[in-house]
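Below is one structure, written out as structure tokens; comments come after it.
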Amino acid sequence: MVYKTKKKTLSFQDTIFNLQKYWSKKGCVILQPYDLEVGAGTFHPATTLRSLGPKPWKTAYVQPSRRPTDGRYGDNPNRLQHYYQFQVLIKPSPKEIKKMYLNSLSSIGINYEEHDIRFVEDDWESPTLGAAGLGWEVWCDGMEVTQFTYFQQMAGVECKPVSVEITYGLERLCMFIQNKKSVFDLIWNDEGITYKDVFHKSEKEFSAYNFEYANTDNLFKIFEMLEEETKLLVEKKISLPAYDQCLKCSHVFNILDARGVISVAQRAEYIARIRELTKSIGKVWIESQS
Amino acid sequence: MSELFVELFSEEIPAKLQINARNELKKNIKNFFIDNQIKFNEDFNVYSTPNRLVLHIDKIPNEIKLNSEEIRGPNVNAPEKALEGFIRSNNTTLEKIFKKSTEKGEFYFFKKEPRKIKVSDLLEKNLSEILTKITWNKSMKWANYDLYWGRPLKSILAIFNKKPLNFVFNHINSSNKTFTDKSLEEGLKIFNDFNSYIKFFKQKGILIDQDLRKKIIQNKINEIINKKNLKVEQNERLIDEIVNIVEKPAVIICDFDKKFLNVPSEILITTMQSHQKYLPTFDEKNNLTNNFFVVSDIKDTKGFVKLGNERVIEARLNDAEFFWEKNKTQNLVKQVDKLKNINYFKGLGSYFDKIQRMRKLSSLISDDFLISKDKIEIASSICKVDLMSDLVGEFPELQGIVGGHFAKFQGFDKEVCLAVSEQYLPNGMESKLPKKMYSIALSLSDKLDSLVGFFGINLKPTSSKDPYAIRRMAISLVRLIVENETKIKLKDLIVYTCSAYRDQGYDFDTKKIQNELSDFIIERLKNYLKEKKIRQDIIESSTFLLGLDDLLKAYKKSLCLNKNIKKEIGFETIAAYKRSSNILNTEEKISMETLGFADPGLFKNDYEKKLYKKINDIRKYFLSIGKDENYEESLKILSSIKNEVNDFFDNVIVNDEDIIIKKNRLELLNMLCKTFDNYFNFSKIEA
């Protein structure tokens, strides 16, 4: 009998290792996740603040990201309130960034020559960060696996030089690589541990917290306190601690939003308040950079 | 004769920007050739792929001759420095400067000898500026550079007469090379002419010409659908987008699990089209099938592309199905109360407030339409509930349609379901128009409520900005009325809408809203008529002093006159009117205080009497016609005054010595014009 040799499937953690190694070789500072709740890798100060000002900067890191409204109690195969992004930020954007990106796909087992890789227009905007960029979502055989953005503005300030941000949705990417229909079936490591083993309980419990149990009266108060603290720290011109408080504000707002206690009109107002905080922090940061 | 060939290589430029850049480049280069009087093959083209913007023009002379010309310099009395500057800028010497008198005084002149200029020199000098003139709807910067472009520009290849053109565009030096591998931006290769360039890429399966790509995609699709007995919808916008996001199109037919066909087809179609750029297919009965087309940018030799796309659509449809199953059973009526939590617009209350107003309004409209008040009130009450569903959250473009499906599933009356489904229609000039009375009533009340509300909080569109698409709303209102021949009292409805707002405690300036909104809607009617290719003077006449309740009349009258203006009934009507009004206009009006009628006792002859009688006959006609005026008949009657008018003007001198007689004759002509006003004011019509 002839046995076909089956290529080993890349586990979730190996995918992360490979990306880290790849971008490390490209000269990036490999950071660890930021230790606060954030909505996306972009919120990490290594991206938001470091993309401002004239100094060159290259980094890559995994960032756990929380989107309370996307929770589905672990019932939906494609949606999570907590997931991982792999984030790369390079300033100024290098000439060969597309080549670098496509080769990074090869490093995790996707041969770009065998798949329909498409750069589909997707301009990005973050109202809370006062940020905007132009770029694409990258499709691999119709599935969105990466966001690819040239920052034009951050914290209300025009970016000069321009940074490029590459954000891989790790779960999606691995579902593609491992050919899985449900995120919970992803193979986490070579010992057979699955994504479900690691995160299903947490999805269930946090969905309950985000949608049902979070104490909204307290959260409204906490928001006010954090906002006040941010403003105070901005006055003291210490941008990094100020930014931490602002990130907390943003997360509190996201939970309140998931609890459905913020009306449409209020929503815009809260977003504007957070944006004002980010802007004032950005200003202090830039002053410290020149 | 030579060819100009330019390629701008960049990272992937989005479809819409590409199309715009092609047009811009084409226009700018054409203007350059015309301005410089260089002959060129006007039948040239600009091509693009996501990464390449390519210009190719042939039949260009290598040199152009410039005739001798006299160039005027400074005035002889100007300071010496001006003369020095003039000499310097023309690269000449004082000896060659001469003085000459002109109408404006004596000036220094310089005679430029006839000379030849190389077109390649001109191009090298100007190409950078031509490229700068390309305007992008959206552009970006990258790295440390200052250049704005659709996406990062990497290289410029520029050839004239098989030789490279050398110029600098911001940080980029032009050359005769380009990257043949668009993915890795590698494989630099020299090209000296357009043909070898096209050939090279064709061998790799890459089609630079977008029209060719479109043809190939369409042929392939047609081949498959003919074999499988399927149909695809002609969706030019989607096809054009697909054509411009691939360079070597490969059409792949895929399918999804048939079980998803139980989900309303609009949801499936939107998922495929707007989210994934797939082309859905239909069977002979126009029912959606589970086959769809993917246009891939590579040949799917290993079947990965088909597999991947089928997996993506399954995940997406799973999501849609999940939401559909969840939402369809959520009781619409029970959810109405929750609309209180959803803001309609800042300053205009919640959606709950809005549907209360819409209910009052649609119920009033139902009286005019002779439709069931109960049914239209139900439709109004439930029509916005779908805004709270997950499905509309996922597919905002399906608002209304999704609500219609919920209503159908929950057993609401057929007409109610359709009205909910069509409440946002029409949406502008081109969109589908609802035809059923319930749908029209609901759509009208939705639009009126919005228009009154936005005018109430003073968010009227300005000449350049219309962020809430209020113009489109008003155009849609006009279409609902004129195209459906809807007989409503718009003025009353606006007043009533204002009062519905006031009942909810809004402090609106009703009078102001009525006036401004009235002008605004009539202005939209004018635009509408213009789109329908009605003559401008007819538009002006039909809308002169127009009341809001007469939109339909104005529309029909202008249509009728537009059609007949070159025919006898139109032509003679206008002639009769013009002959009379011209005299009235030339006579000094100051001395003339019109009574509004002529005195038959003062008539001196039969011509006056006959004209008087005819005018009265026409007046009787207009008095007798009710709501069902036949406008062609009216024109015919007006034109029938031709003989009486001609006889009058041929035989009667209006300007009689006796001022009383003269005045009476002017009164008679004034009567004629006033009678004609029953159709509309013809004074603005250009004969």
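The values are calculated or read from the model by the stated rules, or taken from the named source; none is laboratory data. Source: prediction; values computed, not measured. For neighbour counting, all protein chains shown are included, and Cβ atoms are generated from backbone atoms with ideal geometry for every residue, glycine included.
Looking at the range B:486-495 only, could you name the residues that are at pLDDT 90 or above and surrounded by 18 or more Cβ atoms within 10 Å (Cβ to Cβ)?
Matches in the range B:486-495: B:Leu490, B:Leu493, B:Ile494.
Inside the range B:441-468, can you point out the residues that are farther than 20 Å from B:Ile355 by Cα and of a type outside the set (Lys, Arg)? Once the filter is applied, which keeps residues that are farther than 20 Å from B:Ile355 by Cα and of a type outside the set (Lys, Arg), the range B:441-468 yields B:Asn458, B:Leu459, B:Pro461, B:Thr462, B:Ser463, B:Ser464, B:Asp466, B:Pro467. The residues of the range B:426-461 that are at pLDDT below 95, over 21 Å from B:Ile494 (Cβ atoms) and among the aliphatic types (A, V, I, L, M) amount to a single one, B:Met429. In this structure, A:Ala214 qualifies as in contact (Cβ under 8 Å) with a residue 40 or more places away in the chain and closer than 15 Å to A:Gln81 by Cα.
If you go through the range B:79-87 one residue at a time, do you hit one that is free of Cβ contacts under 8 Å to residues at least 24 places away in the same chain and either surrounded by 15 or more Cβ atoms within 10 Å (Cβ to Cβ) or within 30 Å of B:Phe191 (Cα to Cα) (or both)? Checked the range B:79-87: at least one residue is free of Cβ contacts under 8 Å to residues at least 24 places away in the same chain and either surrounded by 15 or more Cβ atoms within 10 Å (Cβ to Cβ) or within 30 Å of B:Phe191 (Cα to Cα) (or both). In this structure, does A:Thr167 turn out to be without any contact (Cβ under 8 Å) to a residue 40 or more places away in the chain and polar (S, T, N, Q)? In short, no. Residues in the range B:183-199 that are more than 16 Å from B:Ser155 (Cβ to Cβ) and not polar (S, T, N, Q): B:Asp193, B:Phe194, B:Ile198, B:Lys199.
Residue-level analysis places B:Glu95 outside the set of residues that are farther than 19 Å from B:Arg151 by Cα, away from chain A (no Cβ under 14 Å) and at pLDDT 95 or above. The set of residues in the range B:342-388 that are over 22 Å from B:Gly456 (Cα atoms) and within 14 Å of another protein chain (Cβ to nearest Cβ) comprises B:Leu387, B:Met388. Within the range B:504-520, if we keep just the residues that are touching a residue at least 60 places away in the same chain (Cβ under 8 Å) and assigned to a helix (DSSP H, G or I), the residue that is surrounded by the most Cβ atoms within 10 Å (Cβ to Cβ) turns out to be B:Leu517. Residue count for the range B:25-67, restricted to those that are surrounded by fewer than 18 Cβ atoms within 10 Å (Cβ to Cβ), charged (D, E, K, R) and under 30 Å from B:Arg213 (Cβ atoms): 7. Within the range A:103-116, the set of residues being crowded, with 21+ Cβ neighbours inside 10 Å and either farther than 23 Å from A:Phe17 by Cβ or within 9 Å of another protein chain (Cβ to nearest Cβ) (or both) comprises A:His115, A:Asp116.
Among all residues of the range B:253-262, there is at least one that is among the aliphatic types (A, V, I, L, M) and surrounded by fewer than 17 Cβ atoms within 10 Å (Cβ to Cβ).
Taking the range B:174-190 as the range and being within 14 Å of chain A (Cβ to nearest Cβ) and either among the basic types (Lys, Arg) or within 16 Å of B:Asn126 (Cβ to Cβ) (or both) as the test, only B:Lys182 passes. Among the residues of the range B:9-31, is any in contact with a Ser or Thr (Cβ under 8 Å, 6 or more places away or on another chain) and assigned to a strand (DSSP E or B)? Yes: one or more hits. If you check B:Asn630 against the conditions, is it polar (S, T, N, Q) and either closer than 18 Å to B:Ser542 by Cα or surrounded by fewer than 20 Cβ atoms within 10 Å (Cβ to Cβ) (or both)? When the stated conditions are applied, B:Asn630 passes them. Considering the range A:67-94, the residues that are charged (D, E, K, R) and in a loop (DSSP other than H, G, I, E, B) include one that is farthest from the other protein chains (Cβ to nearest Cβ), namely A:Arg67.
Can you spot a residue in the range A:17-36 that is touching a Gly at 6+ places or on another chain (Cβ under 8 Å), closer than 18 Å to A:Phe148 by Cβ and crowded, with 16+ Cβ neighbours inside 10 Å? Quick ask: steps written out before the conclusion?
Of the range A:17-36, the ones touching a Gly at 6+ places or on another chain (Cβ under 8 Å) are none.
Checked against the condition, which is being touching a Gly at 6+ places or on another chain (Cβ under 8 Å), closer than 18 Å to A:Phe148 by Cβ and crowded, with 16+ Cβ neighbours inside 10 Å, the range A:17-36 yields no hits at all.
Counting only residues that are within 14 Å of chain A (Cβ to nearest Cβ), closer than 26 Å to B:Pro396 by Cβ and not β-branched (Val, Ile, Thr), the range B:255-305 holds 12 of them. Somewhere in the range A:247-267, is a residue among the acidic types (Asp, Glu), within 23 Å of A:Pro64 (Cβ to Cβ) and modelled with pLDDT of 95 or more? Within the range A:247-267 (the criterion being among the acidic types (Asp, Glu), within 23 Å of A:Pro64 (Cβ to Cβ) and modelled with pLDDT of 95 or more), the answer is no, since none of the residues qualifies. Taken over the range B:161-170, the residue count meeting the criterion of being assigned to a strand (DSSP E or B), surrounded by 18 or more Cβ atoms within 10 Å (Cβ to Cβ) and hydrophobic (A, V, I, L, M, F, W, C) is 1.
Residues checked against (1) surrounded by 15 or more Cβ atoms within 10 Å (Cβ to Cβ); (2) in contact with a His (Cβ under 8 Å, 6 or more places away or on another chain); (3) closer than 22 Å to B:Val645 by Cα:
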position: B:Asn527; (1), (2), (3): yes, no, no
position: B:Cys560; (1), (2), (3): yes, no, no
position: B:Ile565; (1), (2), (3): yes, no, yes
position: B:Gly596; (1), (2), (3): no, no, yes
position: B:Gly601; (1), (2), (3): no, no, yes
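Taken as a whole, the condition of being at the interface with another protein chain (Cβ under 7 Å from one of its Cβ atoms) and either surrounded by fewer than 21 Cβ atoms within 10 Å (Cβ to Cβ) or touching a Lys or Arg at 6+ places or on another chain (Cβ under 8 Å) (or both) applies to A:Met143. Considering the range A:118-136, and only residues there that are surrounded by fewer than 19 Cβ atoms within 10 Å (Cβ to Cβ) and assigned to a loop (DSSP other than H, G, I, E, B), the residue that is nearest to the other protein chains (Cβ to nearest Cβ) turns out to be A:Asp123. Screening A:Leu232, A:Leu277 for residues that are crowded, with 20+ Cβ neighbours inside 10 Å, free of Cβ contacts under 8 Å to residues at least 60 places away in the same chain and part of a helix (DSSP H, G or I) leaves exactly one candidate, A:Leu277. Can you find a residue that is in contact with a Ser or Thr (Cβ under 7 Å, 6 or more places away or on another chain), away from chain B (no Cβ under 14 Å), surrounded by 14 or more Cβ atoms within 10 Å (Cβ to Cβ) and part of a helix (DSSP H, G or I) anywhere in the range A:204-219? No, every residue in the range A:204-219 fails to be in contact with a Ser or Thr (Cβ under 7 Å, 6 or more places away or on another chain), away from chain B (no Cβ under 14 Å), surrounded by 14 or more Cβ atoms within 10 Å (Cβ to Cβ) and part of a helix (DSSP H, G or I).
Counting only residues that are more than 9 Å from every other protein chain (Cβ to nearest Cβ) and at negative phi, the range A:149-182 holds 20 of them.
Number of residues in the range B:102-139 that are touching a strand residue (DSSP E or B) at 6+ places or on another chain (Cβ under 7 Å) and more than 14 Å from every other protein chain (Cβ to nearest Cβ) equals 19. Give the residue that is farthest from the other protein chains (Cβ to nearest Cβ), with candidates limited to residues of the range B:140-155 that are surrounded by fewer than 19 Cβ atoms within 10 Å (Cβ to Cβ) and without any contact (Cβ under 8 Å) to a residue 24 or more places away in the chain. The selected residue is B:Tyr148.
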